């Protein structure tokens, strides 16, 4: 009988759940505070960085779009000059069409610059230009500098020498308008596969300056710098504080001058220098020495070393020709932390790259703006989470108390009472224990317990009798199963025997032929021996006659001499006929024939013996040689090739392995078409685990559908009455009983290969067979 149980205060579910809720509250609050305090700033910084990266990519894509618009205008001029008739009015009209007034803030001067003599022999060479003036474009048909013709200038000769099919940019330089910067795109023009001239378009940077200012103002804080490929600042979102134009020359200043050599910027400056050097190395490795020499000569340098700006410009041309980046690709190269910088005393700098020109866009975001957002967010988040967690814990506790704890306690008390009644075997009093119902889980459990107690009360008295009857039935069924298993094993054994005898019956004719051949020449030898022994019988008769005469003294000497002469003559005849050697050879041949008959009978007896499950350790070569002799008649028309590799002895039932091999040899012989080159090959080999026997033929092979069914019982491709369809199924069963396997591969018109796998370390016993 079990003792009455009472749940202590600390073990009560209400106490445990209350403690867990308060612990969970404390842990969650601590984790939230930790995350907000320790990781919140970093998360917000990362999110802020993502927003900066998005704005930077947007700005880069916008600049790239403007660059591509300029490049398209230059290429449009190139196409016009390459395809239109060489008439001045047509070339002038096509030049005007390339300059759209909607691009006035973007496109400066530009046009078509024919090479000397390109317009015809004796014709004056002059460009077809468009320049900005008073809000519109104006055409110019004369050389702007007749004292130094354009076709003698370095920029023209550079394009002529390099002959690019895309834009080669010139360095950013000031225009005639004060404070305005521009850069020129030059494209070679070919007619009839010959250099004809150059098309150019000037890209004014005023619009970029305005776009960068607008982008910086929309972000609310920070500033933006745009650098050319020589790391000179060509646009700034705060030009008043970060002046980037040299007032004397109007040229852009180096970034070191703009930031006043701020030490916090040193990592960025190092990065820009490394990028600059890497790009120069890359393009120097791509272009030929001739191209480097051309650029160096055009720059009037004394050595073959090419100036870095020209190489960068050429690299931009190569990059624009080879790479076609998607606008979805990130243009961000790297971000840097500017600790104690002169401008914000702590900020983040993001460096982007414009791939078409190798310009760099640097977006600077102050830390103060990010920290202010993080501080405000962390305070609000902690207050909200604390209040929400406290309200949640209180509500959960009261809900659990009324919905779960109280019903659970009532259920526990009644379960203890029912347990006591069951232990005391007072089943008739179980009806007095009633559990309260309900629609929730506790109510469903109580209903199930009520049903269970009712069943215990009504069925407990019958359980003992049922158990006793069940034990008897189990014993009876166990005995029946054992008998059934024994009958099944006997049936399997009988099936193997039947298939073996069926195979043996198919080989009777062949075996009879194998036995009759040596038996016939043994019979002939014996008949010849009988004939030859007649001379010995005559000699014996003469000797016996002489023996009888010697006992009779009255016999005349002449008769004895005559008889001796007959004996000598008969002996000479035997010696002349070499009768003894001939008898020995006949007897030897007869004994060889008897040995062949004996070996065949022994092989048949081993194959057909009833002790199939006898297990012993043998060399598989013995089984193969025995099987080849047994199936000798059926395979006599095929070329039999054996290739016995070294194999260890294994434990198996030789009779059953013989049955599998004979079945495979017979099937291989039947698969032949009777061709002179029919061949059956038997090969053995082994590895560390298994011994393998391969039986292959070059017969007609099998289709995949037949191959999938060959191990199914009663499946056969032979005509009715020629096969049972059990041979391969029994062979597979035998191999599985040996813990091995049989596999088949076949190709129609090529042949079939059967592979037997037998384990080397095989714990095989006669009980397993």
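Values computed for the structure shown
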item	result
Spin-label proximity, residue 69 to the range 177-213 - amide N less than 11 Å from point 7 Å beyond Cα toward beta carbon	204, 207-208
Inter-part distance where the range 247-262 and the range 48-75 are each reduced to a Cα centre, Å	24
Gain in span if fully extended, residue 30 to residue 261, counting 0.36 nm per residue against the direct Cα distance	78.7 nm
At R0 = 25 Å, FRET efficiency that the Cβ-Cβ distance of residue 557 and residue 587 yields, to 0.05	0.05
Segment residue 413-residue 705, length gained on full extension (0.36 nm per residue, minus Cα span)	98.2 nm
Highest to lowest packing among 107-120, 382-395, scored as the average C-beta count within 10 Å	107-120, 382-395
Inter-probe distance in nm under a simple model that places probes 7 Å from Cα toward Cβ, at residue 123 and residue 101	3.0
Radius of gyration and Dmax over the Cα atoms of the range 124-228, both given in Å	17.3, 57
Protection proxy ranking, peptides 74-87, 671-684, 341-354, average beta carbon neighbours within 10 Å, highest first	341-354, 74-87, 671-684
log₁₀ of I(q)/I(0) at q = 0.10, 0.12, 0.14, 0.15 Å⁻¹ - the range 48-369, Debye sum with one point per alpha carbon	-0.60, -0.85, -1.12, -1.25
Residue-span extension gain [residue 277 to residue 147] - 0.36 nm each, minus C-alpha spacing	43.0 nm
Projected label distance in nm at residue 176 and residue 477, using a 7 Å step from Cα toward the beta-carbon	11.1
Förster-model FRET efficiency, 45 Å R0, residue 155 and residue 337, C-beta, rounded to 0.05	0.60
Cβ crowding within 10 Å averaged over residues, with 232-239, 144-151, 618-625 ranked highest first	232-239, 618-625, 144-151
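Where a number appears in this text, it was derived from the coordinates with a stated rule and is not lab data. All values derive from a computational prediction rather than experimental measurement. All Cβ positions, even for glycine, are placed from backbone atoms using ideal geometry, and neighbour counts span all protein chains on display.
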